Amino acid sequence: MTPAAQAEVLDLLDVRVTLLGDVPSRKSKDDQVAQWFRANGGVVPTLTDEAWAKAEPVFTGPSAGRPTRPPRLMLEALLHKAVSRCSWRETGEQYGPWATVASTWRRWSERGVWAAGMELLAGMPGTPIPPEEITLPPIRWRGGLIRGS
């Protein structure tokens, strides 16, 4: 059913919803890495030594660009971001400047490095990505059927 058709049905039913709390929001509006995993399999691989050995050639190869921080550290930061769904600024000091983590994500994504590396890590043990969280506030609703003429 199209959104327009849904709206028409709700209008015919005279459905009225009143939010009794704050407007719902997503946990993080800055969740590009988690969104990638949701769209591409849903499991964030655990970066063991074995997993890094499989993926290292992709993340250290020429298409990855000249690193300003160790590639394994940047990969760990991005995997952490996916699982925690934190903002870029909250990635953690242990990974270095958040802007470096963000620019590494952008560079690897644009050059296909990220997708190629994750393809190599597909099937490795990992953490299922949680569904996108939207918490609804308490609501009051009323409705009735409006009879046509």
### Message
Condition (residue is of a type in the set (Asp, Glu), open to solvent by 20 Å² or more (accessible area, probe 1.4 Å) and without any contact (Cβ under 8 Å) to a residue 12 or more places away in the chain) applied to segment 86-106: is it met by at least one residue?
### Response
yes
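Between Gly117, Gly123, which is at pLDDT 75 or above and either in a loop (DSSP other than H, G, I, E, B) or among the basic types (Lys, Arg) (or both)?
Gly123
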### Query
Which number in (1) small (Gly, Ala, Ser); (2) at pLDDT below 90; (3) under 23 Å from Pro131 (Cα atoms) marks the one condition that Ala82 misses?
(2)
### Query
Looking at this structure, is Pro71 surrounded by 18 or more Cβ atoms within 10 Å (Cβ to Cβ) and within 27 Å of Ile129 (Cα to Cα)?
yes
### Task
Could you please find all residues in segment 18-40 being more than 30 Å from Gly117 (Cα to Cα), modelled with pLDDT of 75 or more and of a type in the set (Val, Ile, Thr)?
Thr18
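The values are calculated or read from the model by the stated rules, or taken from the named source; none is laboratory data. Here the structure is a predicted model, which is why all the values come from computation and not from measurement. Here Cβ is always computed from backbone atoms with ideal geometry, including for glycine, and neighbour counts include all displayed protein chains. Just the protein is used for accessible areas: all its heavy atoms, side chains included, with ligands, DNA and RNA removed. Shrake-Rupley method; radii C 1.70, N 1.55, O 1.52, S 1.80 Å.
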